[in-house]
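Encoded as structure tokens, the structure appears first; notes follow it.
The values are calculated or read from the model by the stated rules, or taken from the named source; none is laboratory data. Because the structure is predicted, anything quoted here is derived from the model rather than measured. Cβ: placed from backbone, ideal geometry, glycine included. Neighbour counts: every protein chain shown.
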Amino acid sequence: MTTAALTSSRSRPSAPSSIVLAGLGGGSIDLVYASCVGLIHGRSIMRVWQGVASGWLGKSASDGGLATMALGIATHFGIAICMAAVYALVAARVPLLYRRPVPCGVAYGLVLYAVMYRIVLPLRFPAVFPRWDGVQSVTDIAAHIGVATVIAVLLARRAAHR
């Protein structure tokens, strides 16, 4: 193997690592966004992520301190990586998804938003979801679709160039 080939193969991340990177990138943006929204609404950052852990633990998540906060954050990133993996798997069969990453990322973000805000969250928190909160809902959509999902798609796209 030539030095150039060896360097090239080492400098490019593998498809699985690109998917993980995509999930971490999009998930990081969403983590910051969700934490800020929680603070704006008077919740501590710990409480925001314990809320995610409550999907596993129920109301007792709020009693777990840093451990349940960490579980919530790990769950959040696990979901983000799975979302990136689904996109990458479909894009392997539908190359248009990588040729047109921004519009396809926006479309995928709309699907993910609909699933989270119209199915998952209402099942977990029926008293709170679904509701339309005006500016907050528009901001949620813009953050999830326009930033987090498109960033994740652009990062996952790197896996397609192998």
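Laid out as a table, the results:
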read-out	value
Failed item in (1) crowded, with 17+ Cβ neighbours inside 10 Å; (2) under 24 Å from VAL147 (Cα atoms); (3) polar (S, T, N, Q), with SER54 passing the rest	(2)
GLY72 assigned to a helix (DSSP H, G or I), modelled with pLDDT of 95 or more and within 14 Å of ALA152 (Cα to Cα)	no
Residues located in the range 24-37, provided they are at pLDDT 95 or above and more than 14 Å from the chain's Cα centre (by Cα)	CYS36
Filter result for THR149 (in contact with a helix residue (DSSP H, G or I) (Cβ under 7 Å, 6 or more places away or on another chain), surrounded by 12 or more Cβ atoms within 10 Å (Cβ to Cβ) and of a type outside the set (A, V, I, L, M, F, W, C))	yes
Those residues of the range 51-68 which are over 23 Å from the mean Cα position of the chain (by Cα) and part of a helix (DSSP H, G or I), in sequence order	LYS59, SER60, ASP63, GLY65
Residue count for the range 6-23, restricted to those that are in a helix (DSSP H, G or I) and modelled with pLDDT of 55 or more	9
The range 82-104 - residue that is among the aliphatic types (A, V, I, L, M) and surrounded by 21 or more Cβ atoms within 10 Å (Cβ to Cβ) and, of those, nearest to VAL128 (Cα to Cα)	MET83
VAL90 being under 22 Å from ALA142 (Cβ atoms) and out of contact with any strand residue (DSSP E or B) (no Cβ under 9 Å at 6 or more places or on another chain)	no
Candidate set from the range 24-48 (those that are of a type in the set (D, E, K, R) and assigned to a helix (DSSP H, G or I)); member that is surrounded by the fewest Cβ atoms within 10 Å (Cβ to Cβ)	ARG47
Matching residues in the range 105-131 - criterion: being exposed (fewer than 14 other Cβ atoms within 10 Å of the Cβ) and not in a helix (DSSP H, G or I)	PHE125, PRO126, ALA127, VAL128, PRO130, ARG131
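Conditions tested, residue by residue: (1) touching a residue at least 12 places away in the same chain (Cβ under 8 Å); (2) within 17 Å of the chain's Cα centre (by Cα).
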residue: ILE73; (1), (2): yes, yes
residue: HIS76; (1), (2): yes, yes
residue: MET83; (1), (2): yes, yes
residue: ARG99; (1), (2): no, no
residue: LEU110; (1), (2): yes, yes
residue: ILE119; (1), (2): no, yes
residue: ASP133; (1), (2): no, no
residue: THR149; (1), (2): yes, yes
